[in-house]
Structure formats: C-alpha cells, structure tokens
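Colleague: Before I ask anything, let me first share the structure, which is written out below as structure tokens.
The values are calculated or read from the model by the stated rules, or taken from the named source; none is laboratory data. Note that the coordinates shown come from a computational prediction; the quantities given were computed from them, not determined experimentally. Remember, those area values only see protein heavy atoms, side chains included, never the ligands or the DNA or RNA. Shrake-Rupley method; radii C 1.70, N 1.55, O 1.52, S 1.80 Å.
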Amino acid sequence: MVPQQKITAILQATKAHARGLAFFVTGYKSLMLLQRYLSATGKNTDVHTFIAGFVSGYFVFGEKTSVNQQIILYLFSRIAMGLVNTAMKTTKFKAPPNSFALFAALCWGMVMVLFRRDKSVLQDSLRSSMTYLYEDSNHWSSLKTLLWHNK
C-alpha cells in the first residue's frame, strides 16, 4: 500500500468512526426524548437508557465492519472493567495491590493459549499481528527483513 492509499484508508476509517458515533448519539438522544415524552412520570429510567442504547447500537453498529468491530471491542473492554469496579464498590472485597499486573498476566496467558491452540478464534487484526510477531519473525534473512518485513 502506497502512502497516499494509507492516508485515504485512515481518513475513511476516521470518517466512518465519527459518522457512526454521530448517528448513535442522534438515535440514542431521540429515543430518550421519545420515551420521556411517553412516560407517565415524564422522566427517563434505566430501562429507557438500555432500550435507547440497544436499539441505536443495533442499527448503527450492527454491521460487522473493521471500524465497528474496533469500537465494539473497545467498548466491551471498558464495560468489563466498569463491571469489575462496580463489584468492588458494592462488596467488601478489596483488590490486591498487584491486581492490574495479575489481570494483565491473565489476559496475555489466555491470548497466547488461544493463539497456539486455534488462532482462527481471534479477531483478524490481533491474529495477523500475533502471526507476524510470533511466527513470521522466525524466518528472516537480514536485519532489514527481521525489523521491517519478513517471510
């Protein structure tokens, strides 16, 4: 891919990302307004919030594109961390001082096993990067091919 093509691809992905977020916000806020208007109390509830997010998410981010997939994977990881933090706030359980290091180790241990056993289950860009780093890097003929492009 030549530099002009790379720049074009980056700009297209940026546009798709911004457009998706703009449509989501518009759909979400519109559905929240509609539900508040239809509500007996004139106020929104957590159910309204979920419905507006669910419907907007389905229609805006429901197509499996590379941009949507990255957004959803990012969102999922933030939700997982939010749920852990919520559990910590609502219980007397205290995280050990090295909890992030343990979490990082668990993530890397699991992804390496998945990669070794059946890399086809991993997301495309992750699988591609891991293949380059852990397999293709075993085949090189010079420092240039090791650092820049190999196999």
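Colleague: Checking the conditions here, which among Lys144, Lys119 is at pLDDT 90 or above and more than 30 Å from Phe54 (Cα to Cα)?
Modeller: Lys119
Colleague: (1) over 30 Å from Tyr134 (Cα atoms); (2) open to solvent by less than 60 Å² (accessible area, probe 1.4 Å); (3) of a type in the set (Val, Ile, Thr): which one isn't true of Thr86, the others all being true?
Modeller: (2)
Colleague: Return the total of residues in region 12-70 being over 30 Å from Leu126 (Cα atoms), open to solvent by less than 50 Å² (accessible area, probe 1.4 Å) and among the hydroxyl-bearing types (Ser, Thr, Tyr).
Modeller: Residues that pass the stated criteria total 1.
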